[in-house]
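The values are calculated or read from the model by the stated rules, or taken from the named source; none is laboratory data. Worth saying up front: this structure is predicted, and the values here are computed from it rather than measured. For neighbour counting, all protein chains shown are included, and Cβ atoms are generated from backbone atoms with ideal geometry for every residue, glycine included.
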Amino acid sequence: RGSWNMPSNDMLEDILTEVSPLLGQGKVANYIPALAKVSANKLGIAVCTVDGELSYAGDALEPFSIQSISKVFSLTLAMNRVGDALWARVGKEPSGQSFNSLSQLEYEHGIPRNPFINAGALVVNDILQSRLSAPKQQSLALVRQLSGNKCIMADKWVARSEYEHPHSARNAAMAYLMKSFGNFNNEVDQVLQSYYMQCAFMMSCVDLAKAFVFLANRGRPLFGAKPLLSPKQTKRLNALLATSGLYDAAGDFAYRVGMPGKSGVGGGIIAIIPGELSVCVWSPALNEAGNSLVGTAMLEKFTTKLGRSIF
Ligand code: GLN
């Protein structure tokens, strides 16, 4: 493995201690009412290597709402089913705007800039709605298989509270605008509900670190012999995560952390060192860009202590 050792539980504990003075900064997402009830003091980190070695610290075993981290699972399913045809309907460029921005869609003729902003994820879910017989059940089956945890469930209360909040109209507006450009085929409401259900999957840092080993291991999941993506598709997915996974803060994240990653407004962030490991952090309070504030600091310390980055 070259010059690095498996991060020890002690190293992860040290990271938690070092970032704890930052707790209190940032804000827990409140536009999804059920998320606003989560304690801002939760703090967890888990690492899983491509050999399946696991280390973790803090609240790493406590399930939380994965939110936009689910966009990586749905994109994986779509890449797996549709291949390159996908890129006719969604772009590969960073958006330079917030995750729920609507404005670019108008002058880009209904083609979202990338699959990780909400508009892009909605197109990906529209594709899954057309291609899969039961998208909600099949995505749940995928996360259970990837993490080796059959108990993973969607929190229906979180999904419903997002669906019923006026903020949901913004996601619906994106979908209808894309429909007007011919880039959305299914019923908007049906796709929205399926998307919210996937955002509401409850997974722990340990579940997520295990689930994302396939991105560090040329498409091969931790459990099961069959690759989910080819090495080339995996490389491409990691490239998209590096350029767009943290939305408008992708540059800052690359600069400070140096790994492809994906955040969610539940406060989780997953990140990958290709060929080596996947890591997941959780701290619910978010920065201005909608990414976990302390989570980003944990990952910055992680790559600094490990002496590794993709750059
Ligand atoms: N469900 C959230 C939304 O659609 C996901 C956003 C996120 O995690 N960045 O707004």
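What to note about this one:
- Among the residues making up the range 104-146, those that are of a type in the set (D, E, K, R) and at pLDDT below 95 are Glu106, Glu108, Lys136.
- With respect to being in a helix (DSSP H, G or I) and under 30 Å from Glu162 (Cα atoms), Lys71 fits the description.
- Lone qualifier among Ser39, Ser98 - being in contact (Cβ under 8 Å) with a residue 40 or more places away in the chain, within 16 Å of the chain's Cα centre (by Cα) and in a loop (DSSP other than H, G, I, E, B): Ser98
The rows are residues; the columns are (1) more than 17 Å from the chain's Cα centre (by Cα); (2) within 14 Å of the ligand (Cβ to nearest atom).
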| residue | (1), (2) |
| --- | --- |
| Pro221 | no, no |
| Ala225 | yes, no |
| Arg256 | yes, no |
| Gly264 | no, yes |
| Leu299 | no, no |
| Ser309 | yes, no |
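The rows are residues; the columns are (1) within 13 Å of the ligand (Cβ to nearest atom); (2) surrounded by fewer than 22 Cβ atoms within 10 Å (Cβ to Cβ); (3) among the hydroxyl-bearing types (Ser, Thr, Tyr); (4) in contact (Cβ under 8 Å) with a residue 24 or more places away in the chain.
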site: Arg113; (1), (2), (3), (4): no, yes, no, yes
site: Leu122; (1), (2), (3), (4): yes, no, no, yes
site: Ile127; (1), (2), (3), (4): no, no, no, yes
site: Gln137; (1), (2), (3), (4): no, yes, no, no
site: Met153; (1), (2), (3), (4): no, yes, no, yes
site: Pro166; (1), (2), (3), (4): yes, yes, no, no
site: Met174; (1), (2), (3), (4): yes, no, no, yes
site: Ala200; (1), (2), (3), (4): yes, no, no, yes
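- Residue list for the range 66-125, filter: of a type outside the set (A, V, I, L, M) and more than 27 Å from Ser278 (Cα to Cα): Arg89, Ser101, Ser103, Gln104, Glu106, Tyr107, Glu108, His109, Gly110, Pro112
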